[in-house]
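These notes are about the structure you will find just below.
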Amino acid sequence: MSTAHTMAQPLAHAPAATLAAALSRPRPTVAQLEQLAGGTPMVAVDNLVAGYGGMEILHGFSLRVARGGSLCLIGPNGAGKSTVLRAICGLARVMSGTITVAGAPVTHLRAEQMLRQASVAYVLQEGSIFPDMTVEENLLMGGYLMPHPRDARAAAERIFQRNGALAQRRGQRASVLSGGERRLLEISRALMMDPAVLLVDEPSIGLEPRYVELVFERLRQLQQDEGKTIILVEQNARKGLAFADLGYVLVAGQLAMASTGGELSRDPEVGRLFLGA
């Protein structure tokens, strides 16, 4: 195969061994991750071994994200990217290692405890909107842990005030929304409890280009204007790295590379393997 042909297509679906060999540099150390984050970590993961049942997906994975920072996880299918998010928010089995949020240990908290106690919300990859419920009813579902229904209604009003397009559809069934509008509703629902940390799994998957732009603009507002710490998995590696402060490359459940989003997007190896450069 010619070099030109190899460079023309991303190799993200290649076997893990091929990708690991292609990413030829040493794995980042925790000290390097801390320096890269550039501040006191809001989310810190150390030597995490995690998976589902008896299946180990992550093998000694570590992570650092500063308060108000953003991180994009990229890598081939099956690398463990979504498992990182699910382990942080209490939906995957943690076998060993530690997770801290704002300096507090949260390794074995359940998902509802993560939202209530650690202020961490998770936006699922798969569609989670209830199509037969109205937009407002879907939004109110995000406030189910609030002490009183009036608190959820007040939170929903605050979100509607910031999102006029969503407010115009509040009484309509969610089934009439486009894929992009549903994604924005899912993100808004995750904000009902005003989390400090937002975990977002594949925000652009299946969306038309104009909605991809709207979704990432919303995430950018949440980080820059509201100070949210955002960790996302993104199949559109170029878009995710352009958004995020930091980028990590996962291969076979391990951290293979870490840098700023901009530096990773310009890296020849990353371009060849994941960006089609």
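Read-outs throughout are calculated quantities, based only on the coordinates presented, and are distinct from any laboratory measurement. Computed from a predicted structure; not experimentally measured. No Cβ is skipped: glycine too gets one built from the backbone with ideal geometry, and neighbour counts run over all protein chains shown.
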| note | Only unsatisfied item for ALA50, checking (1) within 17 Å of LEU124 (Cα to Cα); (2) of a type outside the set (Ser, Thr, Tyr); (3) surrounded by 23 or more Cβ atoms within 10 Å (Cβ to Cβ); (4) without any contact (Cβ under 8 Å) to a residue 60 or more places away in the chain, is (1)
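Tell me whether the stretch 206-221 contains one or more residues that are in contact with a Lys or Arg (Cβ under 8 Å, 6 or more places away or on another chain) and either of a type in the set (Lys, Arg) or within 24 Å of GLY60 (Cβ to Cβ) (or both).
At the first step, the residues of the stretch 206-221 found to be in contact with a Lys or Arg (Cβ under 8 Å, 6 or more places away or on another chain) are 207, 211-212, 215-216.
Now drop any that are not either of a type in the set (Lys, Arg) or within 24 Å of GLY60 (Cβ to Cβ) (or both), which leaves none.
There is no residue in the stretch 206-221 that is in contact with a Lys or Arg (Cβ under 8 Å, 6 or more places away or on another chain) and either of a type in the set (Lys, Arg) or within 24 Å of GLY60 (Cβ to Cβ) (or both).
A quick yes/no check of all residues on (1) surrounded by 15 or more Cβ atoms within 10 Å (Cβ to Cβ); (2) touching a strand residue (DSSP E or B) at 6+ places or on another chain (Cβ under 9 Å); (3) of a type in the set (Val, Ile, Thr); (4) within 16 Å of ARG218 (Cβ to Cβ):
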| site | (1), (2), (3), (4) |
| --- | --- |
| GLY127 | no, no, no, no |
| ASN138 | yes, no, no, no |
| GLY142 | yes, yes, no, yes |
| MET146 | yes, no, no, no |
| PRO149 | no, no, no, no |
| ALA155 | yes, no, no, no |
| GLN161 | no, no, no, yes |
| GLY164 | no, no, no, yes |
| ARG170 | yes, yes, no, no |
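Which of the residues spanning the stretch 113-136 are in a helix (DSSP H, G or I), in contact (Cβ under 8 Å) with a residue 24 or more places away in the chain and not small (Gly, Ala, Ser)? Steps first, answer last, please.
Initially, the stretch 113-136 is screened for residues in a helix (DSSP H, G or I), giving 113-118, 135-136.
This time we only want the ones that are in contact (Cβ under 8 Å) with a residue 24 or more places away in the chain, so: 114-116, 118, 135-136.
Listed by number, the residues that qualify are MET114, LEU115, ARG116, VAL135, GLU136.
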| Hits in the stretch 77-112 (condition: in contact with a Gly (Cβ under 9 Å, 6 or more places away or on another chain), outside any strand (DSSP E or B) and crowded, with 17+ Cβ neighbours inside 10 Å) | ALA79, GLY80, LYS81, THR83, ALA87, ALA92, VAL106, THR107, LEU109
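Any residue at all in the stretch 254-262 that is of a type in the set (A, V, I, L, M), within 26 Å of SER178 (Cα to Cα) and in contact (Cβ under 8 Å) with a residue 60 or more places away in the chain? Walk me through it before giving the result.
Let us first name the residues in the stretch 254-262 that are of a type in the set (A, V, I, L, M), namely 255-258.
This time we only want the ones that are within 26 Å of SER178 (Cα to Cα), so: none.
Checking the stretch 254-262: not a single residue is of a type in the set (A, V, I, L, M), within 26 Å of SER178 (Cα to Cα) and in contact (Cβ under 8 Å) with a residue 60 or more places away in the chain.
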| request: Please indicate, with yes or no, whether at least one residue in the stretch 218-240 is free of Cβ contacts under 8 Å to residues at least 60 places away in the same chain, out of contact with any His (no Cβ under 8 Å at 6 or more places or on another chain), β-branched (Val, Ile, Thr) and within 16 Å of CYS72 (Cβ to Cβ). | output: no
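Being hydrophobic (A, V, I, L, M, F, W, C), in contact with a strand residue (DSSP E or B) (Cβ under 9 Å, 6 or more places away or on another chain) and over 23 Å from GLU234 (Cα atoms) narrows it down to one residue among LEU115, LEU36, LEU109; which is it? Even if it seems obvious, please write down each step before you answer.
Numbers: LEU115 fails: over 23 Å from GLU234 (Cα atoms); LEU36 fails: over 23 Å from GLU234 (Cα atoms).
From the options LEU115, LEU36, LEU109, the qualifying one is LEU109.
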| request: Return a yes/no flag: does the stretch 47-62 have any residue that is among the hydrophobic types (A, V, I, L, M, F, W, C), within 15 Å of the chain's Cα centre (by Cα) and under 28 Å from PHE216 (Cα atoms). | output: no
